[in-house]
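I have placed the structure first, in the form of structure tokens, so that the comments after it can refer back to it.
The values are calculated or read from the model by the stated rules, or taken from the named source; none is laboratory data. This structure is a prediction, so every number in the text was calculated from the model and none was measured. Cβ sites come from the backbone with ideal geometry, for glycine too, and all protein chains shown count toward neighbours. What goes into the accessible areas is simple: the full protein's heavy atoms, side chains included, and nothing from ligands, DNA or RNA. Shrake-Rupley method; radii C 1.70, N 1.55, O 1.52, S 1.80 Å.
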Amino acid sequence: MAEQAETLRRTPLSRDRILRAAIALADLTGIESLSMRNLAQDLGVVPMALYKHVANKDELLDGMIDVVVGEIDPPVPDADWKPTVRRRILSAREVLRRHPWAPLAIESRNMATPAVLAYLDSMVATFRAGGLSADLAHHVMHAMGSRILGFSQELFDASRSAGRSGTTNPDPPAAFPPEVAARFPHLAEIATAASHDDESVVGQGCDDRFEFEFALDLLLDGIERLQRQGWTSSRRPR
């Protein structure tokens, strides 16, 4: 193991090696702990050596995002649009679960990176090839929002913030106290309406994957219905 680590440290520095080392470091300790200095230390080089391959931390983050997005399954040629979209979005979700810092990094960028734009473009191409009009595809992308990239901000996930470490699990929310339940009876009612996974961020016992797929399938079913009806925005109810 020590020999392998030493061999890796002697591997010539490259942009790809820097990006993958940065991703591994962010996966381990969280994006907020990533700096050019500790990345250089991890790679066994001086910080200035990094700047020959990435101009600054912003460029480093953009490159990291592009590598991660590149892990999403590609589209299957000539497949039906609905299962293709569903499979790719769930693939994106699994990728981002491997890299829990990535959703916030994607949201933090002022402009989408080239790989994100290419992914979104390919998803629009799938919708269009499946018979959706450009008009409907436009509104579909708005409706999907960040879910098209495999993540969504859960309604009660107070732990979701830019400073959260990727390795820290949020404490599950406590059950509604009686006085709160009395004031908000409908929220209290649905809080105990289903059994879920205790590690969920959407409520004690909520299964994150189930909730994500439930919302995704609602959207896809509604999109398919509109596509079959020949829906256009010019004919929508006012």
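Looking at (1) at pLDDT below 95; (2) under 30 Å from Arg128 (Cβ atoms), find the lone condition where Glu71 falls short.
(1)
Would you pick out the residues in the range 108-140 that are farther than 18 Å from Arg225 by Cα, of a type in the set (A, V, I, L, M, F, W, C) and part of a helix (DSSP H, G or I)?
Ala115, Val116, Leu117, Ala118, Leu120, Met123, Ala125
Working only within the range 72-94, note down all residues that are crowded, with 19+ Cβ neighbours inside 10 Å, part of a helix (DSSP H, G or I) and within 13 Å of the chain's Cα centre (by Cα).
Arg88, Ile89, Ala92, Arg93
Got a sec? Which of Leu8, Leu25 is open to solvent by less than 60 Å² (accessible area, probe 1.4 Å), farther than 30 Å from Leu218 by Cβ and either modelled with pLDDT of 95 or more or part of a helix (DSSP H, G or I) (or both)?
Residue meeting the stated conditions: Leu25.
Within the bounds of the range 38-46, is there any residue that is within 28 Å of Gly145 (Cα to Cα), surrounded by 17 or more Cβ atoms within 10 Å (Cβ to Cβ) and either within 15 Å of the chain's Cα centre (by Cα) or modelled with pLDDT of 95 or more (or both)?
no
For the range 109-153, give me each residue that is free of Cβ contacts under 8 Å to residues at least 40 places away in the same chain, open to solvent by less than 40 Å² (accessible area, probe 1.4 Å) and within 14 Å of the chain's Cα centre (by Cα).
Gly145
Every residue in the range 175-198 that is under 17 Å from Glu211 (Cα atoms), modelled with pLDDT of 65 or more and loosely packed, with under 11 Cβ neighbours inside 10 Å, please.
Within the range 175-198, Ala193 is the sole residue that qualifies.
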